[in-house]
Amino acid sequence: MNIRAWGEVAGVIGIFVLLTVVIAVAISQFAATWRAKAVLAREEEYRKLAERAVSSQESIERQLADMQERLRSVEKVLKEVE
């Protein structure tokens, strides 16, 4: 093989390596973007779950306060009846 043939082989190998690197970087960036979107979606679901939990807790606290008030009124009526 002469020098020109070796130059062509080196050029083909260089282009192959370059394409391989570009494809590998593109795939890794796509995967990183996909993972980031998945994390954001999961965090959004956790936020919604936390908001529902807080809302439920507040509702339960209101119901408990209402029940305590009713219990006080029943106790007052019972004391008055005695």
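Side notes on the structure shown:
- For the chain, a simple Cβ point-charge model (Lys and Arg +1, Asp and Glu -1, everything else neutral) yields a dipole of about 420 debye relative to the Cα centre.
- Selection among 11, 54, 22 by position relative to the dipole of the chain gives 11 as farthest towards the positive end (Cβ unit charges, Cα centre).
- Positive end of the dipole of the chain (Cβ unit charges, origin at the Cα centre): among 67, 2, 34, the Cα lying farthest that way belongs to 2.
Every number in this text was worked out from the coordinates using simple rules, so none of it is lab data. Owing to the predicted nature of the structure, the values given are computational and were not obtained by experimental measurement. Here Cβ is always computed from backbone atoms with ideal geometry, including for glycine, and neighbour counts include all displayed protein chains.
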